[in-house]
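The values are calculated or read from the model by the stated rules, or taken from the named source; none is laboratory data. The model shown is predicted, which means the values in this text are computed figures rather than measured ones. All Cβ positions, even for glycine, are placed from backbone atoms using ideal geometry, and neighbour counts span all protein chains on display.
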Amino acid sequence: MRIGILSRNPKLYSTRRLKEAAAERGHEVRVVDFTRCYMNITSHRPQVLLSGKALHFDAVIPRIGASHTFYGTAVVRQFEMMKTFPLNTSQAISRSRDKLRALQLLAREGIGLPVTGFARSTKDIEGLIKMVGGAPVIIKLLEGTQGMGVVLAETDKAAESVMAAFIQLDANILVQEFIKEAGGADIRAFVVGDKVVATMKRQGPEGEFRSNLHRGGLASSVKLTPEERSTATRSANKLGLRVAGVDMLRSNHGPVVMEVNSSPGLEGIETSSGKDVAGIVIEYLERNAKVGKTKDRIQG
């Protein structure tokens with residue numbers, strides 16, 4: 001099988017591992033910088049080109065950073081027009097990257113979430129804080145990634161000041177209840193198809209409420225409850241993702257989903273779980289990649 005990995009940096013751990021896993025299984029694999037690709041969007045012969053040469057793959061693995069979502073999903077969509085199987089479809093990637101839309105879709109399906117509010121006017125700040133249970137509250141920029149653009153406001157006054165500043169800067173923000181009992185830790189469940197194939201617990205440094213590994217968090221192995229496994233697989237499936245990293249907190253009322261990542265990293269999860277996650281992803285492609293199987297599997 002000819003496999004294209006859409007990644008800007010071939011040296012990244014996740015990109016290298018996927019390439020190694022595919023090559024070990026006898027596949028022809030190539031890492032392609034999708035920002036260097038250009039497209040012929042004609043209806044009869046759609047093409048994706050790089051340095052003047054057309055690209056042809058049986059399957060593509062999108063590894064698209066949040067800052068390049070628009071162009072990256074356009075490239076994936078073009079491959080879909082060429083009947084190339086995408087590990088995650090362009091629609092599913094876009095759906096998961098829109099944090100507000102993703103939470104609305106998960107809420108519609110009854111999946112556990114922190115109490116979350118969204119507003120536009122500074123006149124609604126007081127009501128919004130009250131709605132999520134009062135301080136402390138988490139304030140998130142919709143466009144933030146890897147823990148950036150996330151603020152813990154410990155008093156109502158602090159929350160009002162931060163929210164007013166963000167709104168004045170024309171930034172879109174979410175306000176969420178603070179899950180104190182999580183203790184600065186979250187759980188990442190790596191979902192492939194309809195199964196959780198690997199898990200890890202991420203613990204933030206002392207005094208840090210964010211557990212992201214990029215911010216100094218430590219990863220360790222963890223065993224999920226049946227409810228947590230079900231929450232993770234349902235979350236990925238409801239957003240149409242075939243492969244996803246589902247981040248959850250353990251609250252007093254069960255698991256709550258913080259985010260569903262369409263390009264989850266492999267280093268932390270492989271190291272902490274001891275599992276060949278890259279190999280599992282390639283095996284999924286082997287079983288499921290079919291020419292023309294590009295349709296998004298959900299509505300909304």
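Residue-wise test of (1) over 27 Å from the mean Cα position of the chain (by Cα); (2) of a type in the set (V, I, T); (3) more than 20 Å from S67 (Cα to Cα).
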| residue | (1), (2), (3) |
| --- | --- |
| I129 | no, yes, yes |
| L142 | no, no, no |
| V150 | no, yes, no |
| T155 | yes, yes, yes |
| A164 | yes, no, yes |
| Q168 | yes, no, yes |
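Of all residues in the range 231-255, those satisfying the criterion of being within 16 Å of A107 (Cα to Cα), out of contact with any strand residue (DSSP E or B) (no Cβ under 7 Å at 6 or more places or on another chain) and not in a helix (DSSP H, G or I) are G240, H253, G254.
Among the residues of the range 256-291, those identified as assigned to a loop (DSSP other than H, G, I, E, B) and on the phi < 0 side of the Ramachandran plot are S262, S263, P264, G265, L266, K275, D276, A289, K290, V291. Among the residues making up the range 250-280, those that are in contact with a helix residue (DSSP H, G or I) (Cβ under 6 Å, 6 or more places away or on another chain), closer than 23 Å to E177 by Cα and surrounded by 21 or more Cβ atoms within 10 Å (Cβ to Cβ) are P255, V257, V260. Summed over the range 204-230, the residues that are modelled with pLDDT under 85 and touching a strand residue (DSSP E or B) at 6+ places or on another chain (Cβ under 9 Å) give a count of 10.
Exactly one residue out of K123, K53, K140, K130 is under 28 Å from S230 (Cβ atoms) and not assigned by TED's automatic domain parsing to the domain that holds L249, and it is K140. Taken together, R101, R95, R120 contain a single residue that is within 30 Å of Q47 (Cβ to Cβ), of a type in the set (D, E, K, R) and touching a helix residue (DSSP H, G or I) at 6+ places or on another chain (Cβ under 8 Å), which is R95. When you scan the range 60-71, do you find a residue that is within 20 Å of V281 (Cα to Cα), in contact with a helix residue (DSSP H, G or I) (Cβ under 7 Å, 6 or more places away or on another chain) and of a type outside the set (V, I, T), even just one? Yes: the range 60-71 contains one or more residues that are within 20 Å of V281 (Cα to Cα), in contact with a helix residue (DSSP H, G or I) (Cβ under 7 Å, 6 or more places away or on another chain) and of a type outside the set (V, I, T).
State whether one or more residues within the range 101-108 are touching a Phe, Trp or Tyr at 6+ places or on another chain (Cβ under 8 Å) and on the phi < 0 side of the Ramachandran plot. The answer is no, given that none of the residues of the range 101-108 is touching a Phe, Trp or Tyr at 6+ places or on another chain (Cβ under 8 Å) and on the phi < 0 side of the Ramachandran plot.
Conditions tested, residue by residue: (1) modelled with pLDDT of 95 or more; (2) within 15 Å of L241 (Cβ to Cβ); (3) crowded, with 16+ Cβ neighbours inside 10 Å; (4) not β-branched (V, I, T).
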| position | (1), (2), (3), (4) |
| --- | --- |
| A59 | yes, no, yes, yes |
| S67 | no, no, no, yes |
| Y71 | yes, no, no, yes |
| V75 | yes, no, yes, no |
| F79 | yes, no, yes, yes |
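For the range 170-203, a tally of residues being at pLDDT 90 or above and acidic (D, E) returns 3. Residues that are in a loop (DSSP other than H, G, I, E, B) and among the hydroxyl-bearing types (S, T, Y) were ranked within the range 128-169; the one that is surrounded by the fewest Cβ atoms within 10 Å (Cβ to Cβ) is T155. The condition (being in the same structural domain as R188 (by TED's automatic domain parsing), without any contact (Cβ under 8 Å) to a residue 40 or more places away in the chain and not basic (K, R)) is satisfied by just one residue among P226, P255, P264: P226. Of all residues in the range 11-62, exactly one satisfies the criterion of being assigned to a loop (DSSP other than H, G, I, E, B), of a type in the set (S, T, N, Q) and touching a residue at least 12 places away in the same chain (Cβ under 8 Å), namely S51.
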